1. Going by what's in this entry, would B:Tyr93 be described as in a helix (DSSP H, G or I) and either touching a residue at least 12 places away in the same chain (Cβ under 8 Å) or among the small types (Gly, Ala, Ser) (or both)?
2. Cβ-Cβ under 7 Å, sequence separation 6+ or interchain: first residue in the stretch B:22-45 and within 18 Å of B:Val218 (Cβ to Cβ) and free of Cβ contacts under 8 Å to residues at least 60 places away in the same chain, partner within 12 Å of ligand 1 (Cβ to nearest atom) and of a type in the set (Val, Ile, Thr). Which pairs?
3. Looking at B:Arg71 and the list (1) within 16 Å of ligand 1 (Cβ to nearest atom); (2) free of Cβ contacts under 8 Å to residues at least 24 places away in the same chain; (3) open to solvent by less than 60 Å² (accessible area, probe 1.4 Å), which single condition is not satisfied?
4. If you go through the stretch B:27-37 one residue at a time, how many are within 15 Å of ligand 1 (Cβ to nearest atom) and surrounded by fewer than 24 Cβ atoms within 10 Å (Cβ to Cβ)?
5. Does at least one position in the stretch A:232-241 carry a residue that is open to solvent by 50 Å² or more (accessible area, probe 1.4 Å) and more than 25 Å from A:Val136 (Cα to Cα)?
6. With respect to B:Gly83, is the statement that it is open to solvent by 10 Å² or more (accessible area, probe 1.4 Å) and within 15 Å of ligand 1 (Cβ to nearest atom) true?
7. Just to be sure, is B:Asn70 within 14 Å of another protein chain (Cβ to nearest Cβ), in contact with a His (Cβ under 9 Å, 6 or more places away or on another chain) and within 16 Å of ligand 2 (Cβ to nearest atom)?
8. Quick one: is A:Ile44 touching a residue at least 60 places away in the same chain (Cβ under 8 Å) and more than 21 Å from A:Leu235 (Cβ to Cβ)?
Amino acid sequence: MNGANRVAVAGARRTTELRLDGSGRGGRWKGEVFRALLIFCLVIAFVTLLAVIVQASVRGMPRIDLNLITQMPSTLDRETSGMQSAIFGTIYVMVGLIVTVVPIGVSAAIFLEEFADGTKWWVRFIELNVQNLAAVPSIVFGILGLAFIVRGPLDLGTVAYAGSLTLALLVLPTVILASREAIRAVPTSLRQASLGLGATKWQTIWHHVLPSAVPGIVTGTILALSRAIGETAPLLLVGATVFVTYNPDGFFEGAYTVLPVQIFQWAVRPQEEFRILAAAGIILLLAVLLVMNSIAIWIRNKYTRDA
Amino acid sequence: MTEPSVTHPYTPQQELPDHPVPVMQTRSLNVFYGGFHAVHDVDLAFGHHEITALIGPSGCGKSTVLRCLNRMNDLVPSARVEGEVLYHDQDVYAPSVDPIEVRRHIGMVFQKANPFPKSIYDNVAYGPRVTGMKVDSMDDHVERCLRGAALWDEVKDKLKESGYSLSGGQQQRLCIARAIATEPDVILMDEPCSALDPIATAAIEDLMLQLREQYTIVIVTHNMQQAARVSDRTAFFTARPDETTGNRTGLLVEFDKTSTIFENPSDQRTEDYISGRFG
Ligand SMILES: Nc1ncnc2c1ncn2[C@@H]1O[C@H](COP(=O)(O)OP(=O)(O)OP(=O)(O)O)[C@@H](O)[C@H]1O
Ligand SMILES: [Mg+2]
């Protein structure tokens, strides 16, 4: 082996060692900077959340009491005014939302994953639009709901289910995308096993694909719902503006309001009592949100561990 | 690789006819994946109560041919099949034929054991339930199938436990029990032992020889000794590169009694492959 060769071989080995090591190239400090940056972002997000919670807790604590949920909102009895109508309104809207968005979203996901031919232009067009819809600002859905659901063809009026439908449009893309991910994660071998035994496509989907996908679908749906429960802007447009002192009469009759709208109502009033009430409402809403997200994370962890 | 401790002797059928009495047949079978010609002109006959082995190098289309026999290739959107696949003189690719019905007569066992995430009992009972098969007692039927798959003694006390709780070899036998539960005529097995140790492999090979009494079996295997040990007839495939495109199209080189293929092949390519001179 002559000298030049030896140098080349050594150089090559050294290069490989360096590539594998990373420390000698200044790779380490770049990694450190990046890490610091990531932690910095995380801290910002966390501190913001903490600030909101602390701020709301400190201000709203005096009004975290039973009256908050048992009493109707009132401008006269400021000290004991509650938000029962908003709590019931939120329940109505969310129930209407769930029974609407879950069947539609899951069906759409099944169709796109199991039946649609992904090479057809119209299937790709639908897929693209589902993704785009997920990025549309919620106020646009509010305007849509006002024009087509409250008025227009559906003409439901300003009832709880009009709010449900509007929010359904808003979170439908999220539910579809989450369900598709969950369905896609079901191993092909399971489908083959079932079809190979002479099961029909529907039997296969119903007995194997959906049960395996349920945890993912539930997780995605809960996260979508927790977005919907905090929405204010679109609901302001479809009728949840009124200051109501009674619970909704049903999904299709009677005025309604929801938690974030009620909070908004109070927060803009000058009296201190109402501001405290608003803070108490925020605590309530945050608590519901955290519970929903915890359930979603719990389900996800439970099934990723078992799988 | 260590030689498996073979518990069963090589047992060719004594009165193996020169030509199979076919339960299934392929005639000029050609398979395409999109524009890719995967398999060219395959003519095979799978004899009544015989085990037929499909061997050949990787990518020569053994699995493709196997999947055509019960129309599992329908699941691949780009796959296109030309020629005929006959099951008792009925073309399974005829427009009037329902692939679901085909798969009820022609069962399949896959390379990787794929039990359902259900109990052992439900795994076996699933096929009869969804196909609406009439059984006098499902308990008896499940027992019969598990016995048929040589698994009963190992699982009889834990039928309610998940199929995943079994070992790999047991899972594969569960899949065989599940496949025979719908009482098919033909059982297709795609490298059923490739993920198993020699002992589990020997158990499955024993099982295949027993199952031959009742079923017509087609098995794909990379294990030459396995083909020699269990099969009555062997089909050797290879892949030939296309001169213009360089795509490797699979074709059938030779199909004969297993003893002939292994001891006295008529094609040089077969001999090279059998004797290990060609990957
Ligand atoms: N779903 C598919 N889509 C496109 N091409 C495929 C598909 N399945 C198989 N092929 C191609 O068809 C050819 C034959 O594949 P096949 O799986 O039948 O080979 P094989 O003989 O079973 O190989 P192995 O021994 O590795 O399992 C290969 O070139 C493969 O790339
Ligand atoms: Mg294969």
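The values are calculated or read from the model by the stated rules, or taken from the named source; none is laboratory data. This structure is a prediction, so every number in the text was calculated from the model and none was measured. In this analysis, Cβ positions are derived from the backbone assuming ideal geometry, glycine residues included, and neighbour counts consider all displayed protein chains. Heads up: the accessible areas ignore ligands, DNA and RNA and are worked out on the full protein's heavy atoms, side chains in. Shrake-Rupley method; radii C 1.70, N 1.55, O 1.52, S 1.80 Å.
1. No; evaluated as a whole, the condition is false for this residue.
2. Final answer for the pair search is B:Leu29/B:Val39; B:Leu29/B:Val42; B:Leu29/B:Val65; B:Val31/B:Val39; B:Val31/B:Thr64.
3. Result: B:Arg71 passes all but (2).
4. Just the residues of the stretch B:27-37 that are within 15 Å of ligand 1 (Cβ to nearest atom), to begin with: B:29-37.
When the remaining residues are screened for being surrounded by fewer than 24 Cβ atoms within 10 Å (Cβ to Cβ), the result is B:30, B:32-37.
Of the residues in the stretch B:27-37, 7 are within 15 Å of ligand 1 (Cβ to nearest atom) and surrounded by fewer than 24 Cβ atoms within 10 Å (Cβ to Cβ).
5. no
6. no
7. Working: within 14 Å of another protein chain (Cβ to nearest Cβ): yes; in contact with a His (Cβ under 9 Å, 6 or more places away or on another chain): yes; within 16 Å of ligand 2 (Cβ to nearest atom): yes.
Spelling it out, B:Asn70 is indeed within 14 Å of another protein chain (Cβ to nearest Cβ), in contact with a His (Cβ under 9 Å, 6 or more places away or on another chain) and within 16 Å of ligand 2 (Cβ to nearest atom).
8. On the way: touching a residue at least 60 places away in the same chain (Cβ under 8 Å): no; more than 21 Å from A:Leu235 (Cβ to Cβ): yes.
No: the conditions fail for A:Ile44.
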